[in-house]
Amino acid sequence: VKIVVIGNGMAGFRVAEELVARAAGCEFTVVGEEPGGAYNRVQLPLVLSGAARADSIELADEGWYAARGVHLVTGSVSRIDRARRLVEITDGPVLPYDVLILATGSEPVLPPIPGAEQAVAFRTLRDLTRIQARAATAGHAVVLGGGVLGLETARGLACGGLPVTLVHRGRRLMERQLEAGAARVLARTARGLGVRVRTGAPITQVRGPRVVLEDGVALDADLLVVCCGTRPRTELARAAGLAVRSGVVVDEQMRSITDPRVFAIGDCAEHRGSTSGLVGPAWAHARVAAQVVAGEAGPGLMPSEMTPVIRLKASGIELAVLGRDGGGEVVRFTDPARGVYQKLVVRNGKLTSAILLGDTRAAGTLTQLADRGTVLPADRASLLSVRRESPAADTTICRCNGVTRADLRSAWQNGARDTAQVAAMTRATTGCGTCREAVEGVVAGLFSQV
Ligand SMILES: Cc1cc2nc3c(=O)[nH]c(=O)nc-3n(C[C@H](O)[C@H](O)[C@H](O)COP(=O)(O)OP(=O)(O)OC[C@H]3O[C@@H](n4cnc5c(N)ncnc54)[C@H](O)[C@@H]3O)c2cc1C
């Protein structure tokens, strides 16, 4: 069986790993546009800020593929011929397939501003290298877009000592996740860490190394980074006649609803009516697709949906947003002087969403309560001061990889003795990395029991 994976990113590489482990006797080819092996895109902001080294985000070098008989092709797929089951690569080989897996990810959206093409997006390792090269000589940087990635990027540049302004066209930072009060506290925290923040100020023009805002103010921008969202890369699928809405429409087995030989996973897939844009779902898709291809099909392969959790990876800014605020009973605690803003939303006695800014220590406990739909105690506010309790066995500690406390414990029982060994066995901490402290806590707890 010839299996071709288009995409060597977070989902494409993971499905290759899962297939190598399961589908013996198949011929595997992975095509990606990046030179060399796969890397962890999610941790690029940590490299920018200096919290991680570039070589630490490598997932596999070329030797990994060769050693497992996986044919790695560097190039851009130009066309899928479903009738003849061929994948065509620009200036490259034509690849026949029996099973095709689309893992083409998403691409940055550039705002329709004259001159915006001079800006750098932040999606790839190559983008990071360009940003770092320009930052080395820049006097002032502008980051456009006050969402999660914009904040991480601006803070990352400020960590390197570069004066930076975060410009956001919306009235407040992270408006999809935060209410006004929380966004104000966040802006103040960011300012305190060297990031100038201008909200409600769309850029109207990029003129040389300057950007002009709607109110006429011009800012120096020797480096302009655009973080204005992404859109799924679906052009190949669309041209091949596959059903595409916001993403390639797939069923519960991650198969295209148009062609059972074609799967779509990761950011490019539309599963249960939505695209995700997050690594946790991308890896869950990869596992399910590999299981189906390896003949382990059956209902219930896809893990049940968990409360979405967003954690900012910006040094000095603690922020976790759980769930989506659909309204309900609200409990708030604010201490602006300490940069703390916390909010719980409760419906029918259960936690549906939460904002934890400036103090995220209750995040693990609250996530567990939301995931399980536990009825909360009458004293809701006490939950905000809950301090890292020992999580129950079935609590998911690493959400990117779906690793529970019980999984960490069995790694321990199988001989893992520190966080690195536990990570090697379970993959915990290897996604966005924000669970590291929680994993260390569990490992320390296991030590104390012996
Ligand atoms: C800087 C940054 C930080 C992030 N932080 C987080 C985070 O903290 N938490 C989180 O959950 N998510 C985060 N994300 C989102 C996360 O990275 C994505 O959800 C994840 O990468 C999706 O994986 P994917 O494999 O679908 O796409 P990608 O990782 O983008 O991989 C797409 C692959 O497809 C290839 N490709 C596309 N078209 C073609 C073609 N025509 N021919 C050949 N190859 C092609 C590309 O070369 C690439 O290899 C972040 C993203 C970025 C950019």
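None of the figures in this text is laboratory data; all of them are computed from the coordinates on show. Not measured: the values here are computed from a predicted model. Cβ coordinates were reconstructed from backbone atoms using ideal geometry, including for glycine residues, and neighbour counts include every protein chain displayed.
Quick one: putting +1 on the C-beta of Lys and Arg, -1 on the C-beta of Asp and Glu, what dipole do you get for the chain around its Cα centre, in Debye to the nearest 20?
980 debye
Taking amide hydrogens as modeled 1.01 Å from N in the peptide plane, which residues meet the under 5 Å criterion relative to residue 313, leaving out close sequence neighbours?
none
What's the ranking of 409-422, 343-356 by average number of surrounding C-beta atoms within 10 Å, highest first?
343-356, 409-422
Given a cut-off of under 8 Å on Cα pairs at least six residues apart, what relative contact order in percent is computed for segment 126-171?
For segment 126-171, the relative contact order is 40 percent.
Kirkwood Rh over Cα pairs of segment 352-439 into Stokes-Einstein at 25 °C, 0.890 mPa s: D in µm²/s?
Translational D for this selection: 177 µm²/s.
Full-extension gain between residue 91 and residue 179, please, as 0.36 nm times their residue separation minus the C-alpha to C-alpha distance.
Full-extension gain reported as 26.7 nm.
How high is the relative contact order of segment 315-450, in percent, counting Cα pairs under 8 Å that sit 6 or more residues apart?
Rounded, it is 16 percent for segment 315-450.
Who wins for biggest fluctuation among 333, 263, 28 in a Gaussian network model of the chain, springs between alpha carbons below 10 Å?
Looking only at 333, 263, 28, the biggest GNM fluctuation is shown by 333.
Go through segment 321-334 residue by residue and turn each phi into a ³J(HN,Hα) via Karplus (6.51, -1.76, 1.60, θ = phi - 60°); whole Hz please, and just put x for glycine and proline.
These are the phi-based 3J(HN,Hα) values: 10, 10, x, 10, 6, x, x, x, 6, 10, 10, 10, 9, 10 Hz.
In whole Å, what is the distance between the alpha-carbon centres of segment 226-269 and segment 44-75?
Here the two parts' Cα centres lie 25 Å apart.
Using 7 Å Cα-to-Cβ label points, what is the residue 188/residue 81 separation (nm, one decimal)?
6.4 nm
Any idea what the relative contact order of the chain is, in percent, if you count C-alpha pairs under 8 Å spaced at least 6 apart?
Relative contact order of the chain: 13 percent.
With the Cα gyration tensor of segment 251-299 giving a ≥ b ≥ c as the square roots of its eigenvalues, does the rule (a/c under 1.5 for rounded; else a/b larger than b/c for prolate; else oblate) give rounded, prolate or oblate?
Because a/c hits 1.5 or more and a/b fails to exceed b/c, segment 251-299 counts as oblate.
Which one, 222, 379, 394, has the greatest fluctuation when you compute a Gaussian network model over the chain with C-alpha springs under 10 angstrom?
Highest fluctuation among the options: 379.
Sorted by average packing, counted as other Cβ atoms within 10 angstrom per residue and highest first, what order do 361-371, 51-61 take?
Highest-to-lowest ranking by the protection proxy: 361-371, 51-61.
Just grab the label-to-label distance for residue 98 and residue 306, each label 7 Å out from Cα along the Cβ direction, in nm (one decimal).
Going by the 7 Å Cα→Cβ label model, 3.4 nm.
Along the principal axes of its C-alpha atoms, what lengths does segment 147-275 span, in descending order and rounded to whole Å?
53, 35, 28
If you count, for each residue, the other Cβ atoms within 10 Å and average over each peptide, how do 425-434, 280-289, 252-261 line up from highest to lowest?
My ranking of the peptides, most packed first, is 280-289, 425-434, 252-261.
For the chain, just the Cα atoms, rotate onto the principal axes and tell me the three extents in Å, largest first.
Principal-axis extents of the Cα atoms in the chain, largest first: 63, 61, 39 Å.
Which aspartates and glutamates does residue 2 reach when only Cα atoms under 14 Å apart count, and residues fewer than 8 places away in its own chain are ignored?
Output for residue 2: 27, 98.
What's the FRET efficiency of residue 297 with residue 118 using the Cβ-Cβ distance as r and R₀ = 56 Å, to the nearest 0.05?
The calculated FRET efficiency here is 0.70.
Once label points are set 7 Å from the Cα along Cα→Cβ at both residue 205 and residue 238, what is their separation, rounded to one decimal in nm?
Going from the residue 205 label point to the residue 238 one covers 3.1 nm.
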